[in-house]
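Single-structure report; data block below.
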Amino acid sequence: MTNVKIRDIKAILTEPDPGSRYTVVKIETSEPGLYGLGDASYRTRPKAVRSAIEDYLRPFLIGKDVADIEDIWQSAYSSSYWRNGPVLNNALSGVDEALWDIKGKMAGMPVYDLLGGKAREAAAVYAHSTGKDIKQVEDRARKFMEEGYHYIRLQVATPGFATYGAPASSATGRDPQDGPRWVTGKTAAATREYAYAQDAGVFEPRPYMRSAIEMIGHMRNTLGWKVEFLHDVHERLPANLAVEFAKEMEQFKLFFLEDLLPPSDIDWFKNVRQQCSTPMAIGEIFNNIHEIVPLVKDRLIDFMRARISSIGGITPARKFASVGEAFSVRTAWQGPGNISPVGHAANLHVDLAVWNFGIQEAPEFRKATLDVFSGAPEVRDGYMWSNGKPGLGVEIDEKLAAKYPHNETGGGHFDNVRRADGTVVRP
Ligand code: MG
């Protein structure tokens with residue numbers, strides 16, 4: 001008990017850089033000047049998250065003691081009866097992280113100290129080398145290596161098709177999931193060109209597999225073995241082809257292969273494990289610990305890749321990590337550009353404090369974002385560093401944030417990627 005109470009809770013929606021579409025929770029306390037910030041960024045459903053925060057959590061939590069993080073998490077989690085979805089969890093995360101921020105400020109300690117202290121000096125991060133062709137991927141990877149990165153995610157466009165995580169190889173091969181500036185094109189079904197169509201948003205497994213295997217083989221030959229490679233399948237392969245792909249990747253000794261299969265196919269990881277040693281990372285769209293436990297307890301994966309805001313914040317993240325530690329599964333929290341700097345700080349504080357940290361994904365923050373958020377974690381020499389300030393160490397300029405409202409042109413959703421016959425591809 002502290003006698004410091006939650007006085008008010010609000011959601012701040014801001015989009016300083018195109019596509020960032022952040023949601024940040026601010027909790028004000030009964031102590032003048034004492035407040036906390038937490039990340040609740042869910043790029044495709046931010047208004048639903050805002051409603052969960054302001055219409056439901058705010059009245060439920062005003063007046064509660066800011067000290068009782070675990071009790072507040074459990075009571076808010078149970079207060080909706082139906083639970084474990086991304087909207088409610090992101091709202092909960094905003095509250096949870098803001099309370100950890102407040103507790104750190106009250107203690108005069110960074111959150112990693114509250115979690116047990118530093119298990120390492122800084123968190124190794126991986127950079128994203130993407131390109132429209134192999135040469136561009138290689139050039140960018142070399143640049144990252146010169147900057148001190150030891151881990152690089154490699155993604156190349158598949159000529160004539162949509163490819164996750166890479167720019168278009170031509171004017172027509174766009175992947176609309178990769179950013180708001182990528183214009184939605186016609187699907188193959190719309191144009192009635194079914195076989196290996198050249199339209200935007202068309203994905204076919206075999207051409208993707210061949211282009212990725214060729215690209216990563218090239219990188220091993222030219223960049224050598226002093227650098228670790230990662231690759232993201234983004235769950236798009238049919239299960240049996242996913243097994244084949246993991247086996248073919250084994251020769252290149254990846255640091256990890258990400259999201260080989262969707263959550264609905266997790267039983268297939270047994271087949272993958274029996275047939276190859278390619279390290280597996282999954283969990284990006286998981287929402288709760290019940291989804292990861294079956295994979296962890298049977299040692300079917302190597303890295304848990306949840307988005308901390310989607311599982312409900314720092315409180316559940318440390319539980320994920322503890323479960324993982326018992327089974328030698330490491331953390332690799334999701335860290336794209338649509339997580340606010342407050343959320344990246346939350347990633348970092350957990351990274352520094354848990355023993356079984358694996359790797360951290362990190363974006364290159366652009367100027368507009370750094371103008372709105374001061375104290376964002378800094379990446380240099382391939383590592384992410386904390387500023388060591390009490391709490392999460394990040395502040396927001398609310399007036400400036402208000403100048404960047406969310407741009408929800410087109411409804412703010414991901415456009416669908418489809419097979420050449422028009423079938424929707426998950427995710
Ligand atoms: Mg991914």
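When Ala345, Ala306 are checked against the criterion of being open to solvent by less than 10 Å² (accessible area, probe 1.4 Å), closer than 26 Å to Glu364 by Cβ and touching a Phe, Trp or Tyr at 6+ places or on another chain (Cβ under 8 Å), a single residue qualifies: Ala306.
Per-residue answers, yes or no, for (1) basic (Lys, Arg); (2) closer than 24 Å to Ile6 by Cα:
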position: Arg83; (1), (2): yes, yes
position: Asn90; (1), (2): no, yes
position: Asp101; (1), (2): no, yes
position: Pro110; (1), (2): no, yes
position: Lys118; (1), (2): yes, no
position: Ala122; (1), (2): no, no
position: Glu146; (1), (2): no, no
position: Leu154; (1), (2): no, no
position: Gly160; (1), (2): no, no
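Listed here are the residues, each with its yes/no results for (1) under 28 Å from Ile152 (Cβ atoms); (2) more than 16 Å from the ligand (Cβ to nearest atom); (3) open to solvent by 40 Å² or more (accessible area, probe 1.4 Å); (4) touching a helix residue (DSSP H, G or I) at 6+ places or on another chain (Cβ under 7 Å).
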position	(1), (2), (3), (4)
Asn338	yes, no, no, no
His349	yes, yes, no, yes
Val354	yes, yes, no, yes
Ile359	yes, no, no, no
Gly382	yes, yes, no, no
Gly393	yes, yes, no, yes
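Filtered by the rule that a residue be part of a helix (DSSP H, G or I) and within 14 Å of the ligand (Cβ to nearest atom), the stretch 245-269 gives a lone residue, Pro263.
For the stretch 395-417, taking the residues that are modelled with pLDDT of 90 or more and outside any helix (DSSP H, G or I), the one that is most open to solvent (accessible area, probe 1.4 Å) is identified as Lys403. Looking only at residues in the stretch 209-251 that are more than 24 Å from Gln274 (Cβ to Cβ) and under 23 Å from the mean Cα position of the chain (by Cα), the one that is least open to solvent (accessible area, probe 1.4 Å) is Val227. The residue that is nearest to the ligand (Cβ to nearest atom), counting only those in the stretch 201-240 that are of a type in the set (D, E, K, R) and not in a helix (DSSP H, G or I), is Asp232. Scanning the stretch 49-70 for residues that are open to solvent by 60 Å² or more (accessible area, probe 1.4 Å) and within 13 Å of Lys103 (Cβ to Cβ) yields a total of 1.
Taking Leu99, is it surrounded by fewer than 23 Cβ atoms within 10 Å (Cβ to Cβ), of a type outside the set (S, T, N, Q) and modelled with pLDDT of 95 or more? Spelling it out, it is not the case that Leu99 is surrounded by fewer than 23 Cβ atoms within 10 Å (Cβ to Cβ), of a type outside the set (S, T, N, Q) and modelled with pLDDT of 95 or more.
Filtered by the rule that a residue be in contact (Cβ under 8 Å) with a residue 40 or more places away in the chain and farther than 20 Å from Ile102 by Cα, the stretch 340-362 gives Val354, Trp355, Phe357, Gly358, Ile359, Gln360, Glu361, Ala362. The residue pairs whose first member lies in the stretch 25-53 and is closer than 16 Å to Ala401 by Cα and in a loop (DSSP other than H, G, I, E, B), whose second member is among the aromatic types (Phe, Trp, Tyr) and open to solvent by less than 40 Å² (accessible area, probe 1.4 Å), and whose beta carbons are closer than 6 Å, counting only pairs six or more residues apart or on different chains, are Ser41/Tyr22. Selection of the stretch 296-318 for residues being more than 16 Å from the ligand (Cβ to nearest atom) and either assigned to a loop (DSSP other than H, G, I, E, B) or over 17 Å from Val95 (Cβ atoms) (or both) yields Val296, Lys297, Asp298, Arg299, Leu300, Gly312, Gly313. Looking only at the stretch 71-84, residues that are open to solvent by less than 40 Å² (accessible area, probe 1.4 Å), of a type in the set (S, T, N, Q) and without any contact (Cβ under 8 Å) to a residue 40 or more places away in the chain come to 1 in all.
If I go through the stretch 380-391 residue by residue, how many of them are modelled with pLDDT of 95 or more, closer than 16 Å to Tyr126 by Cβ and not in a loop (DSSP other than H, G, I, E, B)? The number of residues fulfilling the criteria is 3.
The values are calculated or read from the model by the stated rules, or taken from the named source; none is laboratory data. Keep in mind it's a predicted model, so treat the numbers as computed, not measured. Here Cβ is always computed from backbone atoms with ideal geometry, including for glycine, and neighbour counts include all displayed protein chains. Side chains included, ligands, DNA and RNA excluded: accessible areas come from the protein's heavy atoms. Shrake-Rupley method; radii C 1.70, N 1.55, O 1.52, S 1.80 Å.
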